[in-house]
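Q: Before I ask anything, here is the structure I am working with.
Coordinate-derived values only; no laboratory data. Please read these numbers as outputs of a predicted model, since none were measured by experiment. Counting neighbours? That spans all protein chains shown, and the Cβs are built from the backbone with ideal geometry, glycine included.
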2 protein chains.
Amino acid sequence: MSYIQELGKKAQAARPVLAMSSTLVRNKVLYAIAQELRQACDEILTANARDMEAAAERGIPGPMQARLKLTAEKIEGIARAAEDVATLPDPVGVVRSGGTRPNGLRIRRVSVPIGVVAMIYESRPNVTVDAAVLCLKSGNVCILRGGSEAIHSNIALVAVMRRAVERCGLPADIIQLVEDTDREVATQLMRLNGYVDLLIPRGNTGLIQSVVKNATVPVIETGAGICHVYVDKAADLDMALNIAHTGKISYPAVCNALETALIHAHVAEALLPKLTEKLAASGVTIYGCPRTLAIVPHIAAATDESFATEYNDLFMNIKVVDSIEEAMAHIAHYGTHHSDAIVTDDYKAAQLFIATVDSAAVYVNASTRFTDGGEFGMGAEIGISTQKLHVRGPMGLNELTTTKYIIEGEGQTR
Amino acid sequence: MSYIQELGKKAQAARPVLAMSSTLVRNKVLYAIAQELRQACDEILTANARDMEAAAERGIPGPMQARLKLTAEKIEGIARAAEDVATLPDPVGVVRSGGTRPNGLRIRRVSVPIGVVAMIYESRPNVTVDAAVLCLKSGNVCILRGGSEAIHSNIALVAVMRRAVERCGLPADIIQLVEDTDREVATQLMRLNGYVDLLIPRGNTGLIQSVVKNATVPVIETGAGICHVYVDKAADLDMALNIAHTGKISYPAVCNALETALIHAHVAEALLPKLTEKLAASGVTIYGCPRTLAIVPHIAAATDESFATEYNDLFMNIKVVDSIEEAMAHIAHYGTHHSDAIVTDDYKAAQLFIATVDSAAVYVNASTRFTDGGEFGMGAEIGISTQKLHVRGPMGLNELTTTKYIIEGEGQTR
């Protein structure tokens, strides 16, 4: 039996114990995790310092080092997030539908944990706690596989959480870390059918595509976001300027940030000089189509590849279109079915855009940056699904459950 | 561009037209399909006769020929089923959740069609119409791939349905048949990413497993059912006898039929002679564990393989167990997470069974044969999912939709 099969076996053994634990016990564990994290702050920071040293030695880029670094303040934030999750409603045991059939059978469809959830993710060690906490709240055993660059931090964080779990009388194996960071072991995790009920990759497009291609266990694809704003001919141009500008610059690294603005030809001359100036002032490099360049000639030329790129950085494409249909065709071709917006005061244009654009979230006169579990009022999210099955858009606690039909009778047969 | 890619391209072109059609139009098409089926009854029976001739020549087994054969009565039944689906509520456009956020954004999560749904299935030509009708009702374009043995019947049925679709002003390509029954073409369909949003296999375990292994498009696994009844020591034995007997014999070919009865040792001597006699009288061949054989020695011995087999026929396993825990462990090991029942008058035993058994449907004092969209009050089903994501249990019209978030504001940004 391989290392990863052993983890899987332990996870399956712990699964029914966790699935049958009460809401009170699971919330008690969440508070205990927060408490242990605070108490073990020095221990965690020491482990993190080892990762930071290694990162510096290996010359890992600055932004990645920043994501890797933990501080007492960040640990306090992680602990508070665990407490916040404890206050959310329990997604398990909810009767989603039910009734009595004409033959007297009582049928209930009740939410139950999915079982064993594996996560493969990258540098930020806070994901280790976030994922464990959301899985725990929803009654799922988790198997976590973080990046090698964060291994010491992750080992420390998982040890702390397992202490809290045991203190509350649950088996420590409901939270497991893949300590062997070899790539081959990650691939084995993707193929652990019979042990892993769901695998969620979080990270860059390369990581996610590798999981989608190699996994044989069920996967929820998250995160790839080439998001668009279409500025209609009937747009409020000040609103359009603000939505296009902040949609790029407020947090360019996230999947709901804008990559491309599509501008109706009727408003291009009025909008483009102001928009490009404002973006440039915020440090954004702009790639424009030929018609954009004809109006603002000082920017770079966009290629087909520009429109197909998720920059996650201070780069943005601009294209002038002749109609809402051309804008929607562009989104259908280059989009990733994540989040797309129209800015318009034209009722029919808004309705057409809502009905036609095939994305998880479609916006009228608002920023795509709102596609987020917290902003949608779910309290917490484990990722944003861009697929159509099981969950589309922010994946919160409810989406970490499946359902079971419970049927009770007094001997009914067919 | 390959043959199958061309079908996929046509399906994607028809998708938005169907997705934006109204409930009224889609119901009108369903009634038109029923009408055209009745009018074309002779044309369909002539085509079916060709399939029947070929089946007889190829020496296809009797039960398979029976499933393949159409009659005027069966066609009337298929037409009525289409009309029944027209009377069901539209699953598209339902606001599943929504509200206004503190920042004024109005958020709605609305059900929308999945897009293009492919089906791979076997001999019964009525599946061709059932699947097309359910996809149409839920706004999904369908690509149907039936078995080669039913090809003439399927071509005739699809031609009739496409006539009805065109008569109502929708593109005929919302219903497409893969007329090339080569296996390689089916494999290409399983890998038609970008064109096919969901693939549903229906048929024997071999067909389903081949799809699960080979498909790169999203699949919903349906149908494999090794269903159990556990007769507890506190069971009403008359009830147990009836549930175990009818659960096997009422329709052995379906996935919700029983394959194994687990009998508590305390009631084995009282129950087994009656149960085996009743089953044998209905033509069931019984395989028993050693303890069963000690009580009813005239039956065959069960092997490990017996307990792992979905017979779909008049064969059944019986095992004596010492406790509910042993019964649940057997179900966890040999079951397919489909439907399992306990017969008991013990409250705690019922609750433990409900909470522990990890199946799509868990029964107390009722037959597993009720796991069915119609019996659950869904009106119609396209299959029974044994997986945990997206849908678990009967897959009705609602499960043929996904959702889209629609967010409206007046310029909100982050």
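Q: So if I average 1/r over every pair of distinct C-alpha atoms in segment A:227-374 and take the inverse, what Kirkwood radius in Å does that give? Don't skip to the end; give the middle numbers.
A: Values: mean 1/r = 0.0680 Å⁻¹.
When all Cα pairs of segment A:227-374 are included, the Kirkwood radius is 14.7 Å.
Q: Expressed as a whole number of Å, what is the distance separating the alpha-carbon centroids of segment B:193-219 and segment B:305-372?
A: 27
Q: Still on this structure: Residue A:21's amide H: which non-local residues (gap 5+, or another chain) put their own amide H closer than 5 Å, with H modeled 1.01 Å from N in plane and none for Pro or chain starts?
A: none
Q: Relative contact order of segment B:227-374: what whole-number percent is it, with Cα pairs under 8 angstrom and at least 6 residues apart?
A: Numbers: 286 pairs, mean separation 47.8, N = 148.
Answer for segment B:227-374 is 32 percent.
Q: Using θ = phi - 60° and the Karplus relation 6.51 cos²θ - 1.76 cosθ + 1.60, list the HN-Hα couplings for segment B:171-180 in order, rounded to whole Hz, with x at every Gly or Pro.
A: So the Karplus estimates, Gly and Pro as x, are x, 4, 5, 6, 10, 10, 10, 7, 7, 8 Hz.
Q: Counting other Cβ atoms within 10 Å, keep those with at most 16, restrict to DSSP loop, and tell me which trypsin sites (Lys or Arg not before Pro) in segment A:161-198 are left. All intermediate terms of the calculation are to be shown ahead of the outcome.
A: Details: sites: A:162, A:163, A:167, A:183, A:191; in loops: A:191.
Filter output for segment A:161-198: A:191.
Q: Taking the highest mean first, how do the peptides B:137-147, A:211-221 order by number of other beta carbon atoms within 10 angstrom per residue? Intermediate values should be presented prior to the final figure.
A: On the way: B:137-147: 25.6, A:211-221: 18.7.
Most protected by this proxy first, the peptides run B:137-147, A:211-221.
Q: Follow-up. Residues of A:170-182, mean number of Cβ from any other protein chain within 10 Å of their own Cβ, rounded to a whole number? Let's see the in-between values first.
A: Working: counts 0, 0, 0, 0, 0, 0, 0, 0, 0, 0, 0, 0, 0.
Per residue, the average neighbour count from other chains is 0.
Q: Grab the DSSP H runs of chain B that are 4 residues or longer, score each as -39,500 (n - 2.57), total them, divide by all residues and round the 222 nm result to the nearest 500 deg cm²/dmol. It would help to have the intermediate numbers written out before the result.
A: Working: 15 runs with 182 residues, N = 414.
Taking each H run of at least 4 residues, the total per residue is -13500 deg cm²/dmol.
Q: Of the candidates A:205, A:303, A:181, which one comes out as most mobile in a Gaussian network treatment of chain A with C-alpha springs shorter than 10 Å?
A: Of A:205, A:303, A:181, the Gaussian network model singles out A:303 as fluctuating most.
Q: May I ask you to report, in nm to one decimal and beginning with the shortest, the distances from residue A:106 to the same position in the other copies, taking label points 7 Å along Cα-to-Cβ?
A: 4.0
Q: Separate question: Taking the label point 7 Å from Cα in the Cβ direction, how far apart in nm is residue B:163 from each other copy of itself, listed shortest first?
A: Sorted ascending, the copy-to-copy spacings read 7.7 nm.
Q: Please build a GNM for chain A, connecting alpha carbons under 10 Å apart, and tell me which residue among A:295, A:208, A:382 fluctuates the most.
A: A:295
Q: Identify the residue of chain B whose Cβ lies closest to the rotation axis that maps chain B onto chain A, and give that distance in whole Å.
A: Value returned for chain B: B:390, 2.
Q: Residues with amide H under 5 Å of residue B:364's amide H, sequence separation 5 or more or different chain, H placed in the peptide plane at 1.01 Å from N; which?
A: So residue B:364 has HN proximity to A:407, A:408, A:409, B:342.
Q: To the nearest Å, what is the center-to-center distance of segment B:53-68 and segment B:374-414, using C-alpha atoms only?
A: Rounded to whole Å, the Cα centres lie 38 Å apart.
Q: Turning to a different aspect of this structure: Give the calculated FRET efficiency between residue A:294 and residue A:213 to the nearest 0.05, with a Förster radius of 41 Å applied to their Cβ-Cβ distance.
A: Working: r = 41 Å, r/R0 = 1.01.
FRET efficiency, residue A:294 to residue A:213: 0.50.
Q: Return the Rg/Rh ratio of chain A with Cα-based radii and a Kirkwood Rh.
A: Numbers: Rg = 23.9 Å, Rh = 23.2 Å.
Using Cα coordinates only, the ratio equals 1.03.
Q: Ok, one more. Just tell me, in residue order, which DSSP H segments of chain A are both 20 angstrom or longer along the helix axis (alpha-carbon based) and at least -0.5 in mean Kyte-Doolittle hydropathy. List each step's numbers first, then the result.
A: Working: long enough: A:3-19 (24 Å, -0.15); A:23-39 (24 Å, -0.06); A:41-57 (24 Å, -0.26); A:72-87 (23 Å, -0.08); A:151-167 (24 Å, 0.48); A:265-281 (25 Å, 0.48).
TM-like helix candidates: A:3-19, A:23-39, A:41-57, A:72-87, A:151-167, A:265-281.
Q: Here's a follow-up. Between residue A:58 and residue A:3, what is 0.36 nm times their sequence separation minus the Cα-Cα distance? Round to one decimal in nm.
A: Working: separation 55, 0.36 × 55 = 19.80 nm, distance 2.76 nm.
Result: 17.0 nm gained on full extension.
Q: In nm, to one decimal, how far is the residue A:237 label point from the residue A:73 one, both placed 7 Å along Cα→Cβ?
A: The answer from the label model is 4.1 nm.
Q: What gaps in nm, shortest first, separate residue A:62 from its twins in the other copies when you place the label 7 Å past Cα toward the beta carbon?
A: Distances to the matching label points in the other copies: 8.2 nm.
Q: Follow-up. Taking the Cα-to-Cβ direction at residue A:347 and at residue B:23 and moving 7 Å from each Cα, how far apart do the two end points lie in nm?
A: So the label points at residue A:347 and residue B:23 sit 2.2 nm apart.
Q: Still on this structure, please answer the following. Out of every Cα pair in segment A:109-229, what percent are spaced more than 20 Å from each other? The partial results should precede the final answer.
A: Values: 3045 of 7260 pairs.
Tail fraction, whole percent: 42.
Q: Further question: State, as an integer percentage, the relative contact order of chain A based on alpha-carbon contacts under 8 Å between residues 6 or more apart. Don't skip to the end; give the middle numbers.
A: Details: 820 pairs, mean separation 71.8, N = 414.
For chain A, the relative contact order is 17 percent.
Q: Can I ask one more? Shielding by partners for A:28-39, please: the mean number of other protein chain Cβ atoms within 10 Å of each residue's Cβ. Provide the component values of the computation, followed by the final result.
A: Details: counts 0, 0, 0, 0, 0, 0, 0, 0, 0, 0, 0, 0.
That works out to 0 on average.
Q: What cysteines in chain B have no other cysteine with a beta carbon less than 4.7 Å from their beta carbon?
A: B:41, B:168, B:227, B:255, B:289
Q: A follow-up question, please. Just to be sure I understand: of the beta bridges DSSP finds with both ends in chain B, what percent are antiparallel, rounded to 5?
A: Bridges in chain B that DSSP calls antiparallel: roughly 30 percent.
Q: Shape call for the protein assembly as shown from the C-alpha gyration tensor, a ≥ b ≥ c root eigenvalues: rounded (a/c under 1.5), prolate (a/b greater than b/c) or oblate?
A: Values: a/c = 2.19, a/b = 1.25, b/c = 1.75.
Oblate shape, in that a/c is at least 1.5 and b/c is the bigger or equal ratio.
Q: Residues of A:235-248, mean number of Cβ from any other protein chain within 10 Å of their own Cβ, rounded to a whole number? Present the calculation step by step, with values, prior to reporting the outcome.
A: On the way: counts 0, 2, 0, 1, 5, 1, 0, 3, 4, 1, 1, 3, 2, 0.
So the per-residue partner count for this stretch is 2.
Q: Now, a different point. Please list, or write none, the lysines whose alpha carbon is within less than 24 Å of the alpha carbon of residue A:248, excluding same-chain residues fewer than 8 places away.
A: A:233, A:274, A:278, A:319, B:404
Q: With springs only between Cα atoms under 10 Å, which of A:101, A:392, A:369 fluctuates most in a Gaussian network model of chain A?
A: Answer for the Gaussian network model of chain A: A:101.
Q: Once you put a point 7 Å from the Cα of residue B:313 and another 7 Å from the Cα of residue A:313, both along the Cβ direction, what distance in nm separates them?
A: Spacing of the two 7 Å Cα→Cβ label points: 6.3 nm.
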